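Student: Take this structure first; my questions come after.
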Amino acid sequence: MDTIEFEDFARVELRVGTVIEVEAFPEARQPAWRLRIDFGPEIGERKSSAQITDLYDRQSLLGRQVVAVINFPPKQIGPFLSECLVTGFHRADGAVVLCAPDGAVPNGSRLA
């Protein structure tokens with residue numbers, strides 16, 4: 001495993017946001033949701049494509065806080081422009097478990 005300096009890690013903007021919209025993404029190569037996430041007044045709303053359909057349906061995602069990288073450049077995914085990367089962990093079966101705070105925190109809070 002390569003090591004990095006703390007400054008490298010500090011450059012990654014990992015922020016908490018609340019999922020405010022969930023739409024199907026039938027054009028995606030792998031099953032995915034199109035999410036709109038509120039990161040608070042300083043950052044605003046961002047869109048993301050997330051391959052998390054194995055464990056999460058629309059209802060379980062709406063209102064849920066997630067952790068996302070917000071300072072990657074936007075990425076075109078088919079007809080959709082993803083503006084942040086929602087984080088999670090792969091299980092042995094390939095399903096993704098979302099990374100989320102253990103309790104409610106203000107939208108836009110940065111991982112410390």
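Student: Here are some residues: I4, I52, I43, I20. Which one is of a type in the set (A, V, I, L, M), part of a loop (DSSP other than H, G, I, E, B) and open to solvent by 40 Å² or more (accessible area, probe 1.4 Å)? Break it down stepwise before answering.
Tutor: On the way: I52 fails: open to solvent by 40 Å² or more (accessible area, probe 1.4 Å); I43 fails: open to solvent by 40 Å² or more (accessible area, probe 1.4 Å); I20 fails: part of a loop (DSSP other than H, G, I, E, B).
So the residue among I4, I52, I43, I20 that is of a type in the set (A, V, I, L, M), part of a loop (DSSP other than H, G, I, E, B) and open to solvent by 40 Å² or more (accessible area, probe 1.4 Å) is I4.
Student: Can you tell me which residue is least open to solvent (accessible area, probe 1.4 Å) among those in segment 90-99 that are aliphatic (A, V, I, L, M) and under 18 Å from A32 (Cβ atoms)?
Tutor: Here the answer is A95.
Student: If V67 meets every condition in (1) under 19 Å from R11 (Cα atoms); (2) open to solvent by 40 Å² or more (accessible area, probe 1.4 Å) apart from one, which number is that one?
Tutor: (2)
Student: Consider segment 86-112. How many of its residues are within 14 Å of V19 (Cβ to Cβ) and in a strand (DSSP E or B)?
Tutor: 3
Student: Let me ask something additional. Against the condition closer than 19 Å to S109 by Cα and among the basic types (K, R), how does R36 come out, does it pass? Quick ask: steps written out before the conclusion?
Tutor: On the way: closer than 19 Å to S109 by Cα: yes; among the basic types (K, R): yes.
The answer is yes for R36.
Student: Let me ask something else about it. Only one of these is among the basic types (K, R) and in contact with a Cys (Cβ under 7 Å, 6 or more places away or on another chain): R91, R46, R36, R11. Name it. Reasoning before the result, please.
Tutor: Numbers: R91 fails: in contact with a Cys (Cβ under 7 Å, 6 or more places away or on another chain); R36 fails: in contact with a Cys (Cβ under 7 Å, 6 or more places away or on another chain); R11 fails: in contact with a Cys (Cβ under 7 Å, 6 or more places away or on another chain).
Unique residue meeting the criteria: R46.
Student: Return the residues of segment 23-35 that are closer than 15 Å to Y56 by Cβ and open to solvent by 50 Å² or more (accessible area, probe 1.4 Å); say none if nothing qualifies.
Tutor: Correct list: E23, Q30, P31, R34.
Student: Right, another one. Of all the residues that make up segment 78-89, how many are over 20 Å from E13 (Cα atoms) and open to solvent by less than 50 Å² (accessible area, probe 1.4 Å)? Let's see the steps before the verdict.
Tutor: Of the residues in segment 78-89, the ones over 20 Å from E13 (Cα atoms) are 78-80.
Adding the requirement that they be open to solvent by less than 50 Å² (accessible area, probe 1.4 Å) leaves 80.
Of the residues in that region, 1 qualify.
The values are calculated or read from the model by the stated rules, or taken from the named source; none is laboratory data. Keep in mind that what you see is a predicted model, and the values were worked out from it rather than measured. A quick note on method: Cβ atoms are made from the backbone with ideal geometry, for glycine too, and the neighbour counts reach across all protein chains shown. We work out accessible area using only protein heavy atoms, side chains counted, and drop any ligands, DNA or RNA first. Shrake-Rupley method; radii C 1.70, N 1.55, O 1.52, S 1.80 Å.
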